[in-house]
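J.: If you scroll down you'll find the structure; I have some questions about it.
The values are calculated or read from the model by the stated rules, or taken from the named source; none is laboratory data. None of these values were measured; they are calculated from a predicted model. Every residue, glycine as well, gets a Cβ built from its backbone with ideal geometry; the counts of neighbours run over all protein chains shown.
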Amino acid sequence: MECRIHVITLAVDDLDRALAFYRDGLGLASTGVVGSELHDDHSGADGAIAMFHLDGGLILTVYPRSELAKDAGIAFTPPKSGEFSLGHAVASREQVDNLIDRASSTGGRVLDKPRDRPWGIYSGYFQDPDGHLWEIVHNPALELNPT
C-alpha cells in the first residue's frame with residue numbers, strides 16, 4: 001500500500017466564514033459551498049462543504065463541526081487548537097511575510113510573527129477563524145517555484 005493523504009477536512013463553526021477566509025482571504029481556489037442539498041439519513045449529517053484543490057492533488061475541505069461529528073459518529077465537542085498544525089512551504093521569506101499579513105488582515109490571528117528558527121528555516125504561525133493552526137515556512141533547502 002502506498003501511503004498518501006488526499007483530503008484534509010477542517011471542522012469549522014461557520015462554513016461561509018471559512019470559505020471567505022480561505023478563498024477570498026488567502027486566495028485558494030474554490031467553487032464555493034457544494035452539497036447543500038445532500039443529507040445522510042443514516043448519520044443525520046448534512047452534506048454542505050467547501051473544497052479547495054491544492055497543488056499536488058491535495059484537497060482541503062471545510063465542513064461544519066456539527067456535521068463532521070455526526071458523519072464520523074463521534075461526540076460533538078468544543079474545538080481545541082494545538083493538536084496539530086498545517087504547514088505551507090513557500091519559496092521566499094517575503095512570501096512568508098506576505099501570507100502571514102494576508103491571513104491577519106482577513107480574520108486570522110497571528111500567534112508568532114515570522115522569524116528565523118534555529119533549525120535553518122524562517123516561519124511564522126497563525127490561526128484561522130476556527131482556531132486551526134498554520135505554519136508558513138521558508139526552508140532554503142527546499143526547491144520551490146516562486147509563484
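J.: Do we find a residue being in contact (Cβ under 8 Å) with a residue 24 or more places away in the chain, of a type in the set (F, W, Y) and more than 18 Å from G131 (Cα to Cα) anywhere in segment 45-55?
T.: Yes: segment 45-55 contains one or more residues that are in contact (Cβ under 8 Å) with a residue 24 or more places away in the chain, of a type in the set (F, W, Y) and more than 18 Å from G131 (Cα to Cα).
J.: Any chance segment 13-22 includes a residue that's touching a strand residue (DSSP E or B) at 6+ places or on another chain (Cβ under 7 Å), in a strand (DSSP E or B) and of a type outside the set (S, T, Y)?
T.: The answer is no, given that none of the residues of segment 13-22 is touching a strand residue (DSSP E or B) at 6+ places or on another chain (Cβ under 7 Å), in a strand (DSSP E or B) and of a type outside the set (S, T, Y).
J.: Within segment 24-43, restricting attention to residues that are in contact (Cβ under 8 Å) with a residue 24 or more places away in the chain, surrounded by 13 or more Cβ atoms within 10 Å (Cβ to Cβ) and small (G, A, S), which residue is farthest from D71 (Cα to Cα)?
T.: Of everything passing the filter in segment 24-43, G25 is farthest from D71 (Cα to Cα).
J.: If you don't mind, another one. Residues that are assigned to a strand (DSSP E or B) and outside the structural domain of A18 (by TED's automatic domain parsing): does segment 54-61 have at least one?
T.: no
J.: What pairs come out if I take residues in segment 60-71 that are without any contact (Cβ under 8 Å) to a residue 40 or more places away in the chain and pair them with residues that are of a type in the set (S, T, N, Q) and not in a strand (DSSP E or B) whose C-beta lies under 6 Å away, six or more apart or interchain?
T.: Matching pairs, first to second residue: K70/S43; D71/S43.
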